Amino acid sequence: MMSRPIRTFTVLPKLPDRLRPLHTIAYNLWWCWNAEAVALFRRINPDLFEALDHSPIRLLGATGQNRFEELADDEGFLAHMDRVDQSLDHYLKAPTWFTATYRSDTDTQVAYFSAEFGIHESIPVYSGGLGVLAGDHLKSASDLGIPLVGVSLMYREGYFRQYLNVDGWQQERYPENDFFTLPLIPETDASGVPVLVSAPLPGRDVQLRIWRIQVGRVPLYLLDANIPQNLPEDRAITSQLYGGDQHTRIQQEIILGIGGIRALRAIGKMPTVCHMNEGHAAFTGLERIRLLMEEHKLDFASALEAVKAGTCFTTHTPVPAGNDAFPMSMMEQYLGDYVNRMGIDRTTLASLGRQHLTNEQEPFGMTVLALKLANVSNGVSKLHGSVSRKMWKDLWPELPAGEVPITSITNGVHTQSWLSPEIAQLYDRYLGIQWEERPTDFAIWKRVDQIPDAELWRTHERCRERLVALARNRLKAQLKRRGSPPSEVAEADEILDPDALTIGFARRFATYKRGDLVFRNIERIMTLLNSKEKPIQFIFSGKAHPKDQGGKELIARVVQIARKPEFRRHVVFLEDYDMNICRHLIQGVDVWLNNPRRPLEASGTSGMKVVTNGGLNLSILDGWWCEGYDGDNGWAIGAGEEYADLTYQDEVESRALLDLLQQDIAPMFYKRGSDGLPRDWIRRMKRSIMTLVPIFNTNRMVEEYTTRCYVPSQRRAAKLRTDHLKAAKELASWRRRIAKDWPQVKIEGVEAPVGDMLSVGAEFPVKVKVNLGSIAPEDVEVQLCHGVLDAMGEIADPSATPLFPDSQRNGSTVLFGGSVPCHASGQFGFTVRVLPKHPNLPHLFEPGLVTWG
C-alpha cells in the first residue's frame, strides 16, 4: 500500500483561566500522594475519574466545556483548588532534609537508572515490585530534596494487561499508551524543537526522543525510540517492558545505559553520581568512561577509576539465573565497534562481564559488569545482602563470603502513597501532622497507642468494606467479559463477607512464591473457609511473566479452586493486577500472606504497605520480614528454615500456615469484647504500626542511600577529578603496579602466644614478618583476623584489627605488630592477612588482592 504523508495536530482541553491551576497540578505527580489533590480531581467527575484509571490528564480531556464553566463558578471547588495549588507551591519551595544536612555538597547530582518506574496506575510503564520501588524512591527523593533525576524508557505498550480464559489460563494483551493523555513534557531546545540523542546499534544509530514526567521536585526522563527518524524495527525497541527476546533486551539496555547518559548530557543534567537499579542499567558506566576518555584524553584504566568512584549499584535478584547475561558473540555484535573506538579489545570487554576470566564459555553478565563498575554495591535486605555475598564471592576469591564487599540497604515504601485517606486522617488527628514530614520518627509513631481502639477498628472496617465492593465489581466485569450467564454475574454480589477475616495474596506469580500453598490440604482449608463461627476468605491477584509457564499454572490452579461451588463465596482472583488493585488490597485486608521459598525473596515491599494501614503480616521469615518480625507485630510461618527437599518443605510449611490460621489468627480476630471489638487484634495492629512503619519506609531508605552511597561517592569522585583527573591517573597507575608486584608479598612468620591461657581484660599480642618485595609498607595493611571458633574450628564471624609496621626495615622484610584486647571468655582463633591500601580506594577489598598467612 502506498504510504501517504500524515501531518499531525494536537487538541488540548480549553480550561477557563480561573481553572489554570488544574493543569499545573495534573502535570506534577505530587498530586498522587496528596489526598487533597486526589480528592480535587475526583470532585470534577467521580465516576469518570474512576473509569479513566484516576488520570487527571485524561479526566481534563474527557470533561465537557459545560462542566468546566460550572466549576469556574463553584466557590467551594475554587477554594479547594487554590488550597491544593498553594500546597504544591509550598512543597516545591520548602527547605529540605538534604539542604539542611549536606550544605557543602551542593555539586551533587544523582541519576537513578531503572528499567521501570511505577509511580501511579495511570502511567502503565511498570510491571511490579522493582518499578514500584523505583517510583517510591523518586517520591522520597523529592520529599527529602535529594538532587536526583530518574532515567528509564517510555514504553509504547508498557507491560501487558492480563485477562483469564474460561480455564483460568492467563492471556495477555498490549494496548498502546496514548502519550498525549499522559503527563509527559517533551524536552526541547531553545527554539522549541524536540531534543534527540542517539544510541549505537550494529551498523547504525537509533534516535531517541526525551520525555519528562515531573515527580514532585524530581524529574523522570524517559527515552522513546518510536519516532519517524528510525527504522520500523528500531521504533519497536521501546514498545514493551520485558518483552521480546535477548536481542530486544540488549537493545533496550543499550538505550537505557548509553542513551540515558547521552540524554542527560544533552539537556545539561550530567550526573556526578549514577545509581544503577539492577544490572539493566550497567552500560551507563561504559558511556561515562567513553566520554571521559574522549573529553580528557584519558586511558581506559584512568577513566574507569573516575567513573567507578561515582557509581552505586543495587542488586535485587537472589538467584544467578535471574541476572541478565548475554553471549560474548552478542556483545561483540552490538558493542564491538563501540568499544573498539575506545581502544578496548575483546579480552578487556569480556573481563568486565565475567566472574572467571579464563572461562571462555561464561556469558557476559550485566550484574558482574555493574559490580565491577561500582564503588559501592548493595542488596535490598540484610538476608539478601548475605545471599548476594555468597552468590558473587567468586569475584573476590580470596575473601570469606562474609567479607565480600556487597552491603545491604533494606527496601521501604513511600508511606503517603499507600495510606488510605481515612487512616491518614486518623494519623493527623492523633499523631499530629508531622508524621508526613518525619515518617522515620519513632516518637511520633508511638502515639498510635493514643488512637481509641474503636476508632481505629471502625476505620479499618470501612477500608475492608471498600475492598469487598471493589472485588465484587471487578468479578462481575470479569464474568461479563467471559460471557457468563446473568445468574452467575448476579451471584458476584454475594461473594465475600465484609465482616469476615480477609486475607490478601497479590504479587507476581512465580513458582517460588507458592501462590497455591494454602490449598495444599484442600479439605482442611475448605473447613476453615466455610466455618460458621470463624470464616476466612482470600483475595488473590497477580500476573505471571508471559513466558513463565509455571507461574501461569499457579494462577490457573488458584482460579479453578476459586470457581468450585464450595469455595466460590470465599476465594476470589482479581484479574489485571495493578497499583489501583494493590492500593485497595493493602488498605482493606486484615492479613497479608507471603509464603516464598526462603531465601528467594530479596526483600518484598507489599507487606510494608499493609502495615501503614493497620494490616498484619503472615509470612515466611524471608526478605524484609526477617528484620521486621518481633513476635508480637504479625506472624511468622516457621523459624527461618531452609530445605533441600522442596516437596517436604511445601508439606511442612503449608501445615504450619494452616495451624496458624486455625489456632491463632482466626480465634484472635473473632474474639470480641462486650463492645464488639477484638482488643487483642487491635493491640497487635498498633504494635505493627509502631514498630514497622518508621523503619520500612523509603524516606529512611533514601536517607541511607544518600548517607552511605551518594554523598561518599560524590566526594570520592570529586577528589579523583580535581586537577585534570590527576588522582584518577595516579590511582590507575598504582593499581597496575600493585597487581604486577603483589605475587612478591609473603608472610614469613607469625609470633603470638598460641595455646596460652589468657584472662578477660588481657592483651593478645601478635607480630608478623612480611616480605613486601618492592611494595612500600604504606601501600599495604596487615590485619589480624580473630574471633570465636565454631564447632568446625572456623572463625564464624571474624573481626579485623590492623597491625602497624616497625620503623626498622630489613631489606624487603617488614615487621608488623599489635594486640587485641580480650573482652570475653571462650575459645578464639586468629589468622593474619595482607591487603593493598590506598587513600582513594573505596575499601581495602576492592582490588581483590589478599595474602593470607
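Here region 451-509 and region 375-432 have alpha carbon centers that stand 32 Å from each other. Each label point was placed 7 Å from the Cα along the Cα-to-Cβ direction; for Phe804 and Thr407 their separation is 2.6 nm. Entry note: region 479-519 has Rg to Rh equal to 1.10, where both radii use alpha-carbon atoms and Rh is the Kirkwood radius. Based on Cα atoms of region 449-556, Rg over Rh with Rh as the Kirkwood radius reads 1.02. In this rough spin-label picture, where each label sits 7 Å from Cα along the Cβ direction, the Tyr91-Ser819 distance is 6.0 nm. Ranking of Lys480, Lys532, Lys372 by solvent-accessible surface, largest first: Lys532, Lys480, Lys372 (1.4 Å probe, protein heavy atoms only, all chains present).
Relative contact order of region 268-361: 29 percent, from C-alpha pairs under 8 Å at least 6 residues apart in sequence.
Note on region 704-743 and region 220-238: Cα centroid distance 36 Å, given to the nearest whole angstrom. When both region 541-598 and region 778-853 are represented by their alpha-carbon centers, they are found 52 Å apart.
Each eigenvalue of the Cα gyration tensor of region 689-742, multiplied by 5 and square-rooted, gives one semi-axis; in descending order these are 39, 15, 5 Å. Rounded to the nearest 20 debye, the dipole magnitude of the chain is 920 debye, with +1 charges on Lys and Arg beta carbons, -1 on Asp and Glu beta carbons, and the Cα centre as origin. Of the GluC sites (Glu not before Pro) found in region 607-683, those in coil by DSSP whose Cβ has at most 16 other Cβ atoms within 10 Å are Glu641, Glu642. Sorting Trp852, Trp30 by solvent-accessible area of protein heavy atoms yields Trp852, Trp30, largest first, with a 1.4 Å probe. By the equivalent-ellipsoid construction on the alpha carbon gyration tensor, region 111-259 comes out with semi-axes of 24, 22, 14 Å, ordered largest to smallest. Computed on the Cα trace of region 238-377, the radius of gyration divided by the Kirkwood hydrodynamic radius gives Rg/Rh = 0.94. Estimated at 0.36 nm per residue, the fully extended path between Glu763 and Glu422 surpasses their Cα-Cα distance by 116.7 nm. Full extension of the chain between Gln744 and Ala490 gives 83.2 nm of extra length, using 0.36 nm per residue less the Cα-Cα distance. Grouping the Cα pair distances of region 738-800 into 10 Å bins from zero gives a pair-distance distribution of 16, 38, 31, 13, 1 percent in increasing distance order.
In region 439-503, taking the dipole from charged Cβ atoms about the Cα centre, the farthest positive-side position among Thr459, Pro485, Phe442 is held by Pro485. The convex hull drawn around the Cα atoms of region 185-307, when projected onto a plane and averaged over every direction, covers 8.9 nm². Given R₀ = 51 Å, FRET efficiency for Ala51-Trp852 by Cβ-Cβ distance, to 0.05? Using R0 = 51 Å, I get an efficiency of 0.15.
In this structure, Arg708 and Ala39 have a Cβ-Cβ separation that, at R0 = 41 Å, corresponds to a calculated FRET efficiency of about 0.60. May I ask you to work out the translational diffusion coefficient for region 630-712 at 4 °C, viscosity 1.567 mPa s, via Stokes-Einstein with Rh from the Kirkwood sum over Cα pairs, reported in whole µm²/s? My calculation gives 81 µm²/s for D. For region 582-628, the convex hull drawn through the C-alpha positions has a volume of 62 cubic angstrom per residue. Computed with a 1.4 Å probe on the full set of protein chains, the accessible area for Ile123 sits at about 10 Å². Straight-line reach from Lys686: which aspartates and glutamates have a Cα under 14 Å away, not including same-chain ones fewer than 8 places off? Within reach: Asp449, Asp453, Glu455, Asp590, Asp630, Asp632.
In this structure Phe300 has an accessible area near 40 Å², from a 1.4 Å probe over the protein heavy atoms. At 1.4 Å probe size, what's the solvent-accessible area of Arg474? Round to the nearest 10 Å². Accessible surface of Arg474 is approximately 70 Å². Here is the result for region 279-343: no GluC sites (Glu not before Pro) lie in DSSP coil with at most 12 other C-beta atoms within 10 angstrom of their C-beta. Take the Kirkwood radius over Cα pairs of region 595-748, plug it into Stokes-Einstein at 20 °C and 1.002 mPa s, and you get 107 µm²/s for translational diffusion. Of the residues Lys740, Lys297, Lys269, ranked by 1.4 Å probe accessible area with the largest first, the sequence reads Lys297, Lys740, Lys269.
When the square roots of the Cα gyration tensor eigenvalues are ordered a ≥ b ≥ c, the ratio a/c for region 397-495 is 1.5 or more and a/b does not exceed b/c, which makes its shape oblate.
Normalised size of region 516-662, defined as Cα radius of gyration per 2.2 N^0.38 Å with N residues, equals 1.03. For region 767-853, what D do you get in µm² per second when you plug the Kirkwood radius from alpha-carbon pairs into Stokes-Einstein at 37 °C and 0.692 mPa s? Stokes-Einstein gives a translational diffusion coefficient of 233 µm²/s.
What is the ratio of the Cα radius of gyration of region 344-446 to 2.2 N^0.38 Å, with N the residue count, to two decimals? Its radius of gyration relative to the 2.2 N^0.38 Å reference: 1.68. Taking all Cα pairs closer than 8 Å and separated by 6 or more residues, the relative contact order of the chain comes to 11 percent. Simple spin-label estimate for Ser104 and Gln450 gives 3.9 nm between the two label positions (7 Å along the Cα-to-Cβ direction from each Cα). Its Cα gyration tensor gives region 39-186 an equivalent ellipsoid. The semi-axes, each the square root of 5 times an eigenvalue, are 30, 28, 12 Å from largest down. Per-residue ellipticity at 222 nm computed for the chain from its helices equals -11500 deg cm²/dmol, with DSSP H segments shorter than 4 residues left out and the rest contributing -39,500 (n - 2.57).
Largest first, the extents of the alpha carbon coordinates of region 96-173 on the three principal axes equal 62, 19, 17 Å.
For the pair Phe442 and Arg466, a Förster radius of 25 Å applied to the C-beta separation gives a FRET efficiency near 0.25, rounded to the nearest 0.05.
In plain terms, if you count all Cα to Cα distances in the chain and split them into 20 Å steps from zero, the share in each step is 14, 43, 33, 9, 1 percent. Available extension along the chain between Lys547 and Arg429 is 37.7 nm, counting 0.36 nm per residue and deducting the alpha carbon span.
The values are calculated or read from the model by the stated rules, or taken from the named source; none is laboratory data. Since the model is a prediction, treat every value here as computed from it, not as a measurement. Every residue, glycine as well, gets a Cβ built from its backbone with ideal geometry; the counts of neighbours run over all protein chains shown. Just the protein is used for accessible areas: all its heavy atoms, side chains included, with ligands, DNA and RNA removed. Shrake-Rupley method; radii C 1.70, N 1.55, O 1.52, S 1.80 Å.
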